[in-house]
Amino acid sequence: MRPCGGCWNWPGNEKFMKEDLKLYYDIIIVGNGVAGCFAALHLPKELSVLMITKADLEESDSFLAQGGICVLKDDGDYDSFFEDTMRAGHYENSPHAVEVMIRSSRETIQELRDYGVEFEQEGGRLCYTREGAHSTSRILYHADITGREITGRLLAAVQAQKNIFLQKRTVMLDILRHKNRCEGILLQNSRGEIQPVFARDVIWACGGIGGIYENSTNYPHLTGDALAIALRRGVKLRHVSYVQIHPTTLYTERPGRRFLISESVRGEGAVLYNKKDGERFVDELLPRDMVTQRILEQMQKDKTHCVWLSLEKIPRERILSHFPNIYRKCLEEGYDVTREPIPVAPAQHYFMGGVEVDLDGRTSLEHLYAAGETSCNGVHGANRLASNSLLESLVFAKRAARDIAASMEREKGRTGEEAAGASAASIDAAGEAASGLWSWELLKERYGIYKKEYENMEQYAKINKERIWEEIRKGE
């Protein structure tokens, strides 16, 4: 095999691949939400980057974010922003991580605007909204589809990069762990074929765990794949039982993903009633976990499946301009939010735990990074403050990419022999198969990967789900 253009030319093997994937990329990113995209855009342009996503490009939870993204409005807002984040997280947050996120917020917002992201403005000045547990308005937004605006712009920028190769409907099945180093991943492509792909570094940015719940605002294919692999391969996890339930999703008896009614609706003045023409029973701007608990208690008391959210205090023009997507969706379900309350109920929404990482996204396994909802750096504590998710994902994904770039620069300073040894480490196994042909025997000997584990993918998925649930219950 000969190195070529940052990749390895591999003649291929019918057992493993028919799609246009190479044996070796400098970086593999699993996931194409805001964390995956922002990391990819901050990697050196001379590197070959493979980005895979489990479904279609727009089917990441980043696209679903409605409310907005937090930002430090001015230096005078720092103490308040910090305290709001810590209080919402029940002071189980990592203070240093919170500080890094807040201090990086204005630079991050400017980068987004440089990529063409548009936030609501009035008279040339940015508009801010407020959500639960915020002591002031500090959330930038784009109508009620902020996630789509941000993720769509970043994804377009990624697609414009010649060094980044996007692969849809491709599933990570395992990592290639040799001793204490990650050397790539095992994946299943869109044709159902399984193949290993090597890389110097791997970034997990593959979202949350909503797919293992019956009721969730997440896409159902987001089933915590990285967590299941981490449990199998001995990668450290943190706070796996810290799962956030969103208090207000549109109630329906139909199965499937729950439609989120953004917390910014309550931030703009919407109120909760115990019945359609009932009484208000909670302060709607309490932290999410507290509002959720009050709703569940009220539902149990009234023996109902939902409570009612009224937007009557919000002017019709404001609803149509700020919440057009929510208005349209509710109308499709038979509710005109400008005229009547809507039924809402709690559903799983966000995962505060995850793969344990430091402030540069490094996991316990060398050359394996994690960012976004997959990771846990301690920012959110036991309960995420509204609209901190997009910001946290962007800030720490960028730091992970910068750490990878910095480590590569350090390698360049080594002697020729040392550098050659470091470069060869992640492709040792490729060298063992000089003919370019692979076998399950080789995967078994070097990585402990057995073919029989993937002969029944339905059973494989079931085992992964059970592993995650067992870990969640341990911490409850």
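Brief remarks follow.
- Of all residues in region 240-271 being under 16 Å from the mean Cα position of the chain (by Cα) and part of a loop (DSSP other than H, G, I, E, B), the one that is surrounded by the most Cβ atoms within 10 Å (Cβ to Cβ): 240
- Pairing residues of region 446-463 that are in contact (Cβ under 8 Å) with a residue 12 or more places away in the chain and surrounded by 11 or more Cβ atoms within 10 Å (Cβ to Cβ) with residues that are among the acidic types (Asp, Glu) and part of a helix (DSSP H, G or I), at Cβ distances under 7 Å and at least 6 apart in sequence or on separate chains, gives 460/453.
- Boolean, residue 123 is among the small types (Gly, Ala, Ser) and at pLDDT 95 or above: no
- Region 222-239 - residue that is touching a helix residue (DSSP H, G or I) at 6+ places or on another chain (Cβ under 6 Å) and part of a loop (DSSP other than H, G, I, E, B) and, of those, surrounded by the most Cβ atoms within 10 Å (Cβ to Cβ): 224
- Answer residue from region 64-87, given it is assigned to a loop (DSSP other than H, G, I, E, B) and of a type in the set (Gly, Ala, Ser) and is farthest from residue 268 (Cα to Cα) among those: 65
- Put simply, of 289, 358, 336 the only residue that is modelled with pLDDT under 95 and among the charged types (D, E, K, R) is 289.
- Close Cβ contacts (under 7 Å, 6 or more residues apart or on different chains) running from residues in region 269-287 that are closer than 20 Å to residue 385 by Cβ and in the same structural domain as residue 322 (by TED's automatic domain parsing) to residues that are part of a strand (DSSP E or B) and among the aliphatic types (A, V, I, L, M) comprise 270/309; 272/307; 272/309; 282/272; 284/271; 284/272.
- Where residue 414 falls short, out of the listed (1) modelled with pLDDT of 95 or more; (2) not in a helix (DSSP H, G or I): (1)
- In region 196-218 there is at least one residue that is surrounded by 22 or more Cβ atoms within 10 Å (Cβ to Cβ), within 19 Å of the chain's Cα centre (by Cα) and charged (D, E, K, R).
- Qualifying residue in region 69-80 (condition: among the small types (Gly, Ala, Ser), crowded, with 24+ Cβ neighbours inside 10 Å and either more than 24 Å from residue 361 (Cβ to Cβ) or not assigned by TED's automatic domain parsing to the domain that holds residue 397 (or both)): no
- Whenever a residue of region 236-252 is more than 30 Å from residue 341 (Cα to Cα) and free of Cβ contacts under 8 Å to residues at least 24 places away in the same chain, it has no partner that is charged (D, E, K, R) and surrounded by 18 or more Cβ atoms within 10 Å (Cβ to Cβ) lying with C-beta atoms less than 6 angstrom away and at least six residues away or across chains.
- Among the candidates 53, 85, the residue that is within 26 Å of residue 209 (Cβ to Cβ), in contact with a Leu (Cβ under 6 Å, 6 or more places away or on another chain) and crowded, with 21+ Cβ neighbours inside 10 Å is uniquely 85.
The values are calculated or read from the model by the stated rules, or taken from the named source; none is laboratory data. Since the model is a prediction, treat every value here as computed from it, not as a measurement. Note: ideal-geometry Cβ built from the backbone for every residue, glycine included; neighbour counts use all protein chains shown.
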